[in-house]
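A.B. asks: Dropping a structure here in structure tokens format, bear with me for questions.
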């Protein structure tokens, strides 16, 4: 006959029994038919509950910095962080943080973020103005059945709660011996040395313009100027700090002189910087742009005049500023005005002249779209994003769109509906004017 008590074989003996000579232990068998005392469960049940408890990270309050937490049976999650820093798609440094048990959010703010900032202060010259474009995060476990968690965050604003949640989900895999890892890629850009190497894969005209622009930037770097003049570093730093181009809307960079009278910006090249450094080393004062000597001003004025004279003249018959009017063969009804009829026509809508933009790109229309796409791709590291940008480029070309039309429409929805990621589509539409300014500046410099 089946016993009505399911725990009959695993009853903890009654500690108050007069027959007990020693304190009973959990799991002792007692031939009784009474139920287990309140609050006590059989050893097999307790063991099963212990195994089902999820492994967690150590919080800051319970973490001991001097404890290695190297345990045969892990009591908390342990992970590693592999991180690297790149500037303009060139790796600056790479490092690994091993055997971490502190919750990732706390470790980031207390240790890794300060280490990143210290690295940038040490490795990057003070005269370079860099900014973090984005951070790529890959969370993984050494188990082929599990896919990596891949995320991208603006700047260095990482949502560590997503990382922690994924690691806790893989807790049982870690308990069985698998390794937990997070890879971080901090992608920085130099605001005055735009990464445009990918444009060299374009057509001959675009490639030539890009190479010459890069060569021009290379010849205006600090070491070259110091070598030619043989000056002290302090003299160079003083000139560099004063003549640093402020950036958009100025497109002359990386150095320029602002005329105090006309407020116009004039690009400074190596020979101009050398002359200014020599001017300082001779004991002259250079505290503001007003102190630039007259000889250098006249040289800049003459070069600007020569550049303007080389530019092709505009045709005498300038295009009319008024938008085209679409005429239909449908007469308006008696109760509808002619203007209203035109406004409701199913033909191409009338474009407001105030929204017309003449970007005047010095390239064939389709070639400009390809060059712009290559520039966008040069700004990212992730191959998936590069593919999305290329998809947007192909959609534009297939639909006969050029950059000026895309800029006028301001319609990222066209690309999103065709399968392009929302963020990529928005940037593909919004960054056109920015690229045109930079490209035209490099184009003008070679004239």
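Every number in this text was worked out from the coordinates using simple rules, so none of it is lab data. These figures come from a predicted structure and were not determined experimentally. Here Cβ is always computed from backbone atoms with ideal geometry, including for glycine, and neighbour counts include all displayed protein chains.
A.B. asks: Under 14 Å from a point placed 7 Å out from the Cα of residue 92 along the Cα-to-Cβ direction: which residues of region 104-138 have their backbone N that close?
C.D. replies: 113-135
A.B. asks: As a footprinting exposure proxy, order 81, 158 by other Cβ within 10 Å, with the fewest listed first. Write out the running numbers ahead of the final one.
C.D. replies: Working: 81 19, 158 22.
Taking fewest neighbouring Cβ atoms as first place, the list is 81, 158.
A.B. asks: Right, another one. As an exercise, use a Förster radius of 22 Å and the Cβ-Cβ distance of residue 176 and residue 138 to find the FRET efficiency, rounded to the nearest 0.05.
C.D. replies: Working: r = 22 Å, r/R0 = 0.99.
Efficiency for this residue pair is about 0.50.
A.B. asks: In angstroms, what radius of gyration and Dmax does region 376-431 have, counting Cα atoms only?
C.D. replies: Using the Cα atoms of region 376-431, the pair Rg, Dmax is 10.4, 29 Å.
A.B. asks: Something else: In nm, to one decimal, how far is the residue 125 label point from the residue 417 one, both placed 7 Å along Cα→Cβ?
C.D. replies: 5.0
A.B. asks: Then there is this: How would you classify region 60-190 from its alpha-carbon gyration tensor, with a ≥ b ≥ c the square roots of the eigenvalues: rounded for a/c under 1.5, else prolate if a/b is greater than b/c, otherwise oblate?
C.D. replies: Prolate.
A.B. asks: Here is a further query. Testing the spin-label approximation: label points 7 Å from Cα along Cα→Cβ at residue 387 and residue 367. State their distance in nm.
C.D. replies: 3.0
A.B. asks: If you don't mind, there's one more thing I want to ask. Which order results if 174, 167 are arranged by neighbouring Cβ count within 10 Å, fewest first?
C.D. replies: Ordered from fewest to most neighbouring Cβ atoms within 10 Å, 174, 167 come out as 174, 167.
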